[in-house]
Amino acid sequence: MSSPPSSFYVLDDAGEGSSTVTATRHTAGPWSPTAQHGGPPMALMAREAARLGDGSRVVARVTCDLLGPVPVGRLHVEARVARPGRTVELVEVALTDVDTGREVARAALWLVPREVTGPVTPLPNQPAGPLEGSEQPVPPGWYRGYLDAIEWSWVEGSLGRPGPAMVWMRPRVTLLAGEPLSAVERLMVCVDSASGASAVLEIGSWQFMNTDLTVHLVREPVGEWVGLHAQTVLGGTAAGVAMADVFDQEGFVGRSAQSLLVRPWSQPTD
């Protein structure tokens with residue numbers, strides 16, 4: 001009997017600025033066992049962007065667009081420097097379904113110099129830590145691939161309780177087999193969960209899938225835990241937004257926002 005996978009992806013091939021991987025069952029999101037949660041592919045694109053650099057820059061902002069369902073299958077990821085610079089740099093990444101040749105996601109990352117002596121303003125208050133939270137049951141109807149690949153510590157709210165939430169997350173598996181998670185990869189694996197954590201609609205009746213994710217960072221995260229203080233806002237249309245203040249155990253790290261497509265399951269989507 002083979003052992004269960006210990007990573008979100010298995011590396012098939014790697015070249016300069018590109019990689020081909022096979023997704024494991026841990027990538028599957030709550031909607032379907034055949035479609036990935038947004039976190040792992042976003043982390044995969046961040047990894048490919050970092051492979052182009054020399055470690056002298058850090059991510060200040062990353063925007064990811066999901067162009068359609070990301071299949072639990074083989075993917076090709078390719079990065080390029082779209083705007084080189086002596087101080088700031090823009091890297092763009094494309095993610096393609098190998099079986100169909102269809103581009104399924106893209107990302108753009110602004111990189112700035114790695115500095116540790118800049119000014120500091122008052123920051124959002126640090127929430128209660130992961131040791132003060134607890135595990136909560138997964139609601140019926142949520143597929144457990146990605147959900148079981150994460151350790152969850154709920155300080156406020158839960159997946160089954162509508163409304164704002166404060167949750168700490170720690171991946172149980174690595175991004176790629178044999179590679180430790182980098183700080184940004186760990187954050188990207190987790191932060192796309194702000195929408196699900198702060199869901200205000202019943203998953204069995206409503207779709208509220210995000211089409212994108214933007215994260216602004218004020219510093220690199222540290223440690224194994226990522227904290228999301230999240231809320232979802234709806235205005236009575238087909239558009240919504242999920243927002244989160246992002247923390248590590250040392251304090252505030254950044255802020256995220258996701259556009260949501262809000263529709264009842266009885267209405268088809270493209």
- When Ser158 is run through (1) at pLDDT below 95; (2) open to solvent by 60 Å² or more (accessible area, probe 1.4 Å), the failure sits at (2)
- From the list Ser193, Ser182, which one is touching a His at 6+ places or on another chain (Cβ under 9 Å), within 22 Å of Ala108 (Cα to Cα) and hydroxyl-bearing (Ser, Thr, Tyr)? Ser193
- Check off (1) in contact with a Pro (Cβ under 6 Å, 6 or more places away or on another chain); (2) open to solvent by 30 Å² or more (accessible area, probe 1.4 Å); (3) aromatic (Phe, Trp, Tyr) for Trp168 and give me the number that stays unchecked. (2)
- Query: Inside segment 112-131, can you point out the residues that are in contact (Cβ under 8 Å) with a residue 12 or more places away in the chain, in a loop (DSSP other than H, G, I, E, B) and open to solvent by 40 Å² or more (accessible area, probe 1.4 Å)?
  - Reply: Arg114, Leu123, Pro124, Gln126
- Message: out of contact with any Cys (no Cβ under 8 Å at 6 or more places or on another chain), open to solvent by 30 Å² or more (accessible area, probe 1.4 Å) and at pLDDT below 95: is that true of Arg144 in this structure?
- Response: yes
- Item | Residues that are in a strand (DSSP E or B) and among the polar types (S, T, N, Q), drawn from segment 244-270 | Ser256, Gln258, Ser259
- Exactly one of (1) touching a helix residue (DSSP H, G or I) at 6+ places or on another chain (Cβ under 9 Å); (2) within 19 Å of Thr211 (Cα to Cα) is unmet by Glu78. Its number? (2)
- Residues of segment 49-96 being farther than 18 Å from Val21 by Cα, of a type outside the set (A, V, I, L, M, F, W, C) and under 17 Å from the mean Cα position of the chain (by Cα), in sequence order, are Arg61, Thr63, Asp65, Gly68, Glu92
- Item | Matching residues in segment 218-270 - criterion: being among the hydroxyl-bearing types (Ser, Thr, Tyr) and within 20 Å of the chain's Cα centre (by Cα) | Thr232, Ser256, Ser259
- Task: Note down all Cβ pairs under 9 Å where the first residue falls in segment 173-185 and is under 16 Å from Arg219 (Cβ atoms), the second is aliphatic (A, V, I, L, M) and assigned to a loop (DSSP other than H, G, I, E, B), and they're at least six residues apart or on different chains.
- Result: Ala183/Val222
- Query: If you check Met209 against the conditions, is it in a strand (DSSP E or B) and in contact (Cβ under 8 Å) with a residue 12 or more places away in the chain?
  - Reply: yes
- Please enumerate the residues belonging to segment 5-21 that are open to solvent by 10 Å² or more (accessible area, probe 1.4 Å), within 18 Å of Glu103 (Cβ to Cβ) and modelled with pLDDT of 95 or more. Thr20
- Task: For segment 49-111, please list each of the strands (runs of 3 or more DSSP E) lying entirely inside it that holds at least 1 residues being open to solvent by 50 Å² or more (accessible area, probe 1.4 Å) and without any contact (Cβ under 8 Å) to a residue 12 or more places away in the chain.
- Result: 74-83
- Message: Can you find, within segment 212-243, the residue that is least open to solvent (accessible area, probe 1.4 Å) among those that are under 22 Å from Ser158 (Cα atoms) and not in a strand (DSSP E or B)?
- Response: Trp225
- Tell me, please, whether a residue that is modelled with pLDDT of 95 or more and part of a loop (DSSP other than H, G, I, E, B) can be found in segment 183-195. yes
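The values are calculated or read from the model by the stated rules, or taken from the named source; none is laboratory data. Small disclaimer: the values here were computed from a predicted structure and weren't measured. Cβ atoms come from the backbone with ideal geometry, glycine included; neighbour counts cover every protein chain shown. Ligands, DNA and RNA are stripped out before the accessible areas are found, and what is left, the full protein with its side chains, is counted by its heavy atoms. Shrake-Rupley method; radii C 1.70, N 1.55, O 1.52, S 1.80 Å.
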